[in-house]
């Protein structure tokens, strides 16, 4: 946008979301998510233990801003959990092409890292 000879970039938020049913109890997922965030080197901004909600800040990249990710867990039954993930990434007219698909990529990265962490075999304790 050009105003009185100055070029200005317009910013907006690009949103992406995913709903999953996971075959793990809520408590196991809730325990694994902070470890997942640590592996990804992201930050937990807010954590609601009662509602099982998290607000997470991802890392930015070259020509991309950090995203805000919201994760919500809900019990389906004793062994299954509904996971809702919503990501919002600020984008400018300048970064929009380089940033395309970044929100989806961050959701996928979170899910894959969490799945790998949950599927790790337990280490045997020597007695």
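What translational diffusion coefficient, in µm²/s and rounded to a whole number, does the Stokes-Einstein relation yield for segment 14-90 at 25 °C and a viscosity of 0.890 mPa s, taking the hydrodynamic radius as the Kirkwood radius over Cα pairs?
Estimated diffusion coefficient is 189 µm²/s.
Counting other beta carbons within 10 Å of each Cβ, put 85, 44 in order, fewest first.
44, 85
None of the figures in this text is laboratory data; all of them are computed from the coordinates on show. Please read these numbers as outputs of a predicted model, since none were measured by experiment. For neighbour counting, all protein chains shown are included, and Cβ atoms are generated from backbone atoms with ideal geometry for every residue, glycine included.
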